[in-house]
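A short write-up of the structure that comes next.
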Amino acid sequence: MTHPSTDSPAIVGRPRAVTVAACAAAVALLAGCGGGTGSAASVTPRMAISLAADRTQSVNTMGAIISIDLNGPAGSITTGTVQVQLKPSLLADENLAIVTQGQTLPLTEIVSAKAVYLKSTAFSSISALAGQTGKAWIELPLSDMSGKSAAIFSNLLQNVQNGDPLTQTRMLAASKNVRAVGRQVVDGVRTTHYEGTFSAADGLAELPASLRKQAAPMLSLITGAVTFNVWIDASHQVRMITEVETVMGETVDQSMNISSVNQPLHIALPAPSQVMVVPASSLGTASAGS
C-alpha cells in the first residue's frame, strides 16, 4: 500500500485493494491448514498435500502469524496475527501493522458472516468517519460491498458456510512439479518441506464443482504461476506455508506460521454503541493523508 491510499479503508484504492486481496487470501489460506493423525513418511508429495487438506475438515479454530510483502511502486509490508473461527459460525480477527513510505499504520479488522469491522487511528478516513459520532469502529455490511473486494470476502464466507473452507490447500494439489526438498524443524516440530508451482486455472480445476463458481472471482485476481513452499508434519498438519503470486498486477510474497489449531479463541464483535455503520459506497472518494 502506498502513501496516497493510506487514507483509505480496506476496500478503497488499488494498493489497499491488493493488500485486502492478500489478507483475504491469507485468511482463506489459514482456513486451509489443519491437522490430523497418521504418518507422512511414506506418502508422495501430492498425497501429503491432499492428506493435509482432508484433515482440515475437523478444524474449528485456527491462529497464525502472517507476513505479506507487496512489491513494486505500491510497496508495503504487512505483518500481524490472524485468528479464525470456522465453526459454528465465521469470525476472523486480524491485528495488523502496515509499513509503507516510512510509516507504520496499525489496523484491526474483524470479519463476520455479515460485515467487516475496521479500527485504526492511522487511517484518517476510518478515524474521521468513526470520530463523527465518537465511535471507535466503522462497520461495512457485506451486502453493501461491490466489485472485486466483495467477491473476495463473499468467496471466503461462502466456502466457510458450505462447510468446505479448504480451497487453498486443495489447490496446492494442482501442482505438477511439487517435490519434497528436505526435513526441517518448525517451532520445535519436525516437518517435511515441499515446494512447487501451480496456475490459478489448474487450482480452480482441483476444486469440487460446487465451489468453482465461488472461488473463481478471487482466483481471477491472480496472473501467472503461484509458487509455494509448505511444511507438513507427521500428522499431516501444515505448520508453515509461503506463496509468491501476482495479484492485480503486483507481486505478493506472503508467509504464514500456524500458531494454534482447535484452541479456544476470544473474538468478540464490537459493542453496538462503539460502531458506526457506513455503506461501502460512501468510502470511494477518500483523500490522501492520515
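Here is a yes/no grid of residues against (1) closer than 29 Å to T61 by Cα; (2) surrounded by fewer than 16 Cβ atoms within 10 Å (Cβ to Cβ); (3) among the polar types (S, T, N, Q); (4) at pLDDT 85 or above:
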site: E94; (1), (2), (3), (4): yes, no, no, yes
site: V99; (1), (2), (3), (4): yes, yes, no, yes
site: T133; (1), (2), (3), (4): no, yes, yes, no
site: S149; (1), (2), (3), (4): yes, no, yes, no
site: L157; (1), (2), (3), (4): yes, no, no, no
Would you pick out the residues in the stretch 56-74 that are open to solvent by less than 10 Å² (accessible area, probe 1.4 Å) and under 14 Å from I258 (Cα atoms)?
T56, V59, M62, G63, A64, I66
Kindly list, by first and then second residue, each pair from a residue in the stretch 42-59 that is touching a residue at least 12 places away in the same chain (Cβ under 8 Å) to a residue that is surrounded by 15 or more Cβ atoms within 10 Å (Cβ to Cβ) and polar (S, T, N, Q), limited to pairs with Cβ atoms under 6 Å and residues at least 6 apart or on different chains.
A52/T169; A53/T169
Filter the stretch 171-187 for residues that are open to solvent by 70 Å² or more (accessible area, probe 1.4 Å) and more than 15 Å from F228 (Cα to Cα); which is modelled with the lowest pLDDT?
D187
Result of the Cβ filter at 8 Å on the stretch 83-96, keeping first residues that are without any contact (Cβ under 8 Å) to a residue 24 or more places away in the chain and partners that are open to solvent by 10 Å² or more (accessible area, probe 1.4 Å) and part of a loop (DSSP other than H, G, I, E, B), at least 6 apart or interchain, is none
First in the stretch 67-82 and assigned to a loop (DSSP other than H, G, I, E, B), second anywhere and open to solvent by less than 40 Å² (accessible area, probe 1.4 Å), Cβ under 6 Å, 6 or more apart:
G72/E250; A74/T2; A74/P15
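Restricting to the stretch 57-78, name every residue that is of a type outside the set (A, V, I, L, M, F, W, C) and farther than 15 Å from S120 by Cβ.
Initially, the stretch 57-78 is screened for residues of a type outside the set (A, V, I, L, M, F, W, C), giving 57-58, 60-61, 63, 67, 69, 71-73, 75-76, 78.
Across the stretch 57-78, the qualifying residues are Q57, S58, N60, T61, G63, S67, D69, N71, G72, P73, G75.
Here's a check for you: in the stretch 109-131, which residue that is under 16 Å from T79 (Cβ atoms) and surrounded by 17 or more Cβ atoms within 10 Å (Cβ to Cβ) is modelled with the lowest pLDDT?
To start, the set of residues in the stretch 109-131 that are under 16 Å from T79 (Cβ atoms) comprises 109, 120, 122.
Restricting the remaining residues to those that are surrounded by 17 or more Cβ atoms within 10 Å (Cβ to Cβ) gives 109, 120.
Details: E109: 87, S120: 72.
Looking at the filtered set, the residue picked out is S120.
Does the stretch 44-59 hold any residues that are at pLDDT below 85 and part of a loop (DSSP other than H, G, I, E, B), and which are they?
Quick first cut of the stretch 44-59, residues at pLDDT below 85 only: 53-59.
If the condition is that a residue be at pLDDT below 85 and part of a loop (DSSP other than H, G, I, E, B), then V59 is the only one that fits.
The values are calculated or read from the model by the stated rules, or taken from the named source; none is laboratory data. Since the model is a prediction, treat every value here as computed from it, not as a measurement. Here Cβ is always computed from backbone atoms with ideal geometry, including for glycine, and neighbour counts include all displayed protein chains. Only protein heavy atoms, including side chains, enter the accessible area calculation; ligands, DNA and RNA are left aside. Shrake-Rupley method; radii C 1.70, N 1.55, O 1.52, S 1.80 Å.
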